[in-house]
Structure formats: structure tokens, C-alpha cells
Amino acid sequence: MPTQLITIEHHILEQERAYPEATGVFSNLLYDVALAAKIVAREIQRAGLGNILGKSGTVNVQGEQQLKFDVFANDAFINMNSFTGRVGIMASEELDDLVTPTEAMKSGKYVLIFDPIDGSSNIDVNVSVGTVFSVYRRKTPVGTAGTQEDCLQPGKEMVAAGYIIYGSSTMMVYSTGNGVHGFTLEPTLGEFLLSHPNIQIPEIPKYYSTNESYNKYWSAGIQKYTRYLQGLDSQALPYKLSARYVGSLVSDFHRNLLQGGIFYYPLLYKDLNNPKPKLRLLYEAAPLAFIARGAGGYASDGEQSILDIQPESVHQRVPLFIGNRDLVEKAEEYIRNYG
Ligand code: AHG
Ligand code: MN
Ligand code: MN
């Protein structure tokens, strides 16, 4: 047990002190996210007992079956942030449209974008899932209803991002651009306590993480890059990597953040003329790219930094390569040279 317990509230306040002009609104918004996360964590812990596993019977905008848990977590984050006056507009992976602004939201200065449950197909089999969130300043004037323009900002405009991992313990990892910090939920206190200050991705990576069953749908460059990671390409890999793939982006990312490695989900050529990415720019790729950068790593779509991409729609998807900078840059190199 650490001698000094630092709660997430305490930590957020400390970070705020670096900005004398701060009004506290932003700090309170981060507490609201942490509280919604605790509500979701409580429900996940007893998921097998209630009537909350399985399909909800609805389909989301991406055409994916929604699980009851997707809906539960989505509602928890929306309810927590609709009436505080801190958030002006919200977008959720689970909703076709932006969250309809309430009267209180008109005065909100911030934009909140989230994937309420990431990796949701893993819940029914008791494997870790997560929540991903990001915060931007709004573009439209305070006092009016927020619009899509507020949500379509490149990741480099982000003011905070983070994720919650509902794993063997629940952790919240966040950054406001000043280091990446991890907190573990102490269940008997109901508090997130600082357990991983100033996370830096280790210099020597341990893992590569991808769904290798898609090998046949990958471009020649990605197939060759994967052989490089396996130590089978003509270009030598300077260390040995092991394979790990959970299938929940948050869990795969979190493991690689702490132990070093690369996660990649490239374009899939199921249709040769129309290759498709899967992961979502605003809900998944950009927030984790912000965290990766804060920890000394890098995220790319294979050609450019994820944080530089100007989104065109809220549900836009992108290829994602994220983790240790040298491994991500090597992926860019293989794509440049071999397609
Ligand atoms: P979500 O549950 O939010 O729809 O995201 C699922 C994503 C992501 O978590 C994971 O990395 C990826 O889907 C796994 O996809 P495959 O099953 O195709 O490997
Ligand atoms: Mn997701
Ligand atoms: Mn999701």
C-alpha cells in the first residue's frame, strides 16, 4: 500500500493548478467521467448474475448488434454529462446521431466523444473490455446548441483523452497533455488511486498484436511487415517479439503501453477493389493516439499521424498502427515500399 494515497480527484486538481486561468469546469468534467466509469465497473463486476448479458435486440449505426451492456454504458456516460453544464455536445460510437443537446448543455464549453464499451463481444465470456473517451474545446459559441462541427476536430486539438479498462482490476488512464497517469479502482473505497504515475512505453517492446486470421485479406506490405515482426523477413528485427491479441482494443493497447509493443488493424481487402478499415477514428484511434504520444509512443494510419487526420464524419474508420514509435514507423516504411 502506498504511504500517500492520491485519488484521481486530487490528481486532477493538482494538474489544474498548472493553469491559473482554469475555472474548474474541465476538472469536474473529468470527475464526471470517472464517476460514470465506476457505475459501469460496478455493473460489469456482477455481469454474470444479472440480466444484462447478451443482445439488446437493436443494431447500431455501424450495423453491429448492440449488447445490453453497450446500451447500459452508453446511457451511463450520457446521463452523467447531460445536465452538468460542462459539456456542450457529445458523440457516442453507439448512437447514429450526436446526443441531442439538453438546455444545460448549451452552456457547456467542452465536447465529449466516447466509445462506451470497447470490445463488447468479450463481456459475455468474462474477458476485459474498456471505455475510451476524449475531450475537445467546442467551436460553436457557448450558449447555443453544439453541432457536428464541434466533434469533427483533428486529434491534435484534443485537450484530454483516456480510457478505462475493466480488467482483473478496473483502471482509468488519462492525459491532459502533461504525462499519462494510471489509477486503479480501490473497490472498498470506491476511489481511483494513483498507481501508475507518468507512464512511458518501454523502449524495448515485447509484443505484436493483430488478428492474424486476416492475413489473407492484408496487403503485401502488411504481410511482409508481419513476417518482419516475427523475425522471418530479410530485414532483421533487433529484438524478439511475442504475439498477444485479446480482441478488445483497450486491453491490447493497455498491455502494450505498459510492456511495449505494437497493435495494428490494417485495411482488409475482403473486396479487392474496396479495402476497409474497422476501427473508428474519433472513438478509438484518436484518443489512444493522444495517450500513446503522451507516453513516448506513436500512432499512424500507415501514412500519417492519426492526430493530424481531419475527420469528415463522426463514424469514420481508419487503419491503425499504434505503440512503440520505431515499430509504427517501420510499418509506415513497409507500406511505402510494398503497399
Ligand atoms: P467495439 O466493441 O467497440 O465495437 O470494438 C471492437 C473492436 C476493438 O475493440 C478490437 O480491437 C476489434 O474490434 C477486434 O476486431 P476483430 O474481432 O476483427 O479482431
Ligand atoms: Mn470499440
Ligand atoms: Mn463499442
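The values are calculated or read from the model by the stated rules, or taken from the named source; none is laboratory data. For clarity, every value in this text was computed on a predicted model and none was experimentally measured. Heads up, the Cβs are rebuilt from the backbone with ideal geometry, glycines too, and the neighbour counts pull from every protein chain shown. Just the protein is used for accessible areas: all its heavy atoms, side chains included, with ligands, DNA and RNA removed. Shrake-Rupley method; radii C 1.70, N 1.55, O 1.52, S 1.80 Å.
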The chain, Gaussian network, Cα under 10 Å: of S168, S213, S121, the residue fluctuating most is S213
Residue-normalised 222 nm signal for the chain, counting each DSSP H run of n ≥ 4 as -39,500 (n - 2.57), nearest 500 deg cm²/dmol, is -8500 deg cm²/dmol
Surpassing 20 Å at the alpha-carbon level, of the pairs K216/K276; K109/K156; K240/K276; K216/K278; K156/K224, are K240/K276; K156/K224
Projecting the Cα atoms of N215, G260, P277 onto the charge dipole of segment 207-338, where Lys and Arg contribute +1 and Asp and Glu -1 at Cβ, the residue farthest towards the positive end is N215
Out of D233, D252, D70, a Gaussian network model of the chain with alpha-carbon springs under 10 Å gives the largest mean-square fluctuation to D233
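When the solvent-accessible surface of protein heavy atoms is calculated with a 1.4 angstrom probe, in what order do Y245, Y214, Y264 fall, highest first?
Solvent-accessible surface, decreasing: Y245, Y214, Y264.
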In a Gaussian network model of the chain with springs linking alpha carbons closer than 10 Å, the residue among Y166, Y19, Y265 that fluctuates most is Y19
Out of S168, N74, T102 - ranked by how far each Cα lies towards the positive end of the dipole of the chain, with unit charges on the beta-carbon of charged residues - the top one is S168
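Magnitude of the Cβ-charge dipole of segment 119-240, K/R +1 and D/E -1, about the Cα centre, nearest 20 debye?
Rounded to the nearest 20 debye, it is 420 debye.
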Dividing the mean separation of Cα pairs under 8 Å (6+ apart) by the residue count of segment 190-314 yields a relative contact order in percent of 29 percent
Longest principal axis of the chain (C-alpha) makes with the long axis of helix 249-259 (C-alpha) an angle, in degrees to the nearest 10, of 70 degrees
Computed over the chain: longest principal axis from alpha-carbon atoms vs helix 325-338 long axis, angle to nearest 10 degrees, is 50 degrees
With +1 on the Cβ of every Lys and Arg and -1 on the Cβ of every Asp and Glu, the dipole magnitude of segment 3-196 about its Cα centre, in debye rounded to the nearest 20, is 240 debye
Computed for the chain: size of charge dipole around the Cα centre, +1 on C-beta of each Lys and Arg, -1 on C-beta of each Asp and Glu, debye to nearest 20, value 560 debye
Rounded to the nearest 10, the angle in degrees between the Cα long axis of helix 25-45 and the longest principal axis of the Cα atoms of the chain comes to 70 degrees
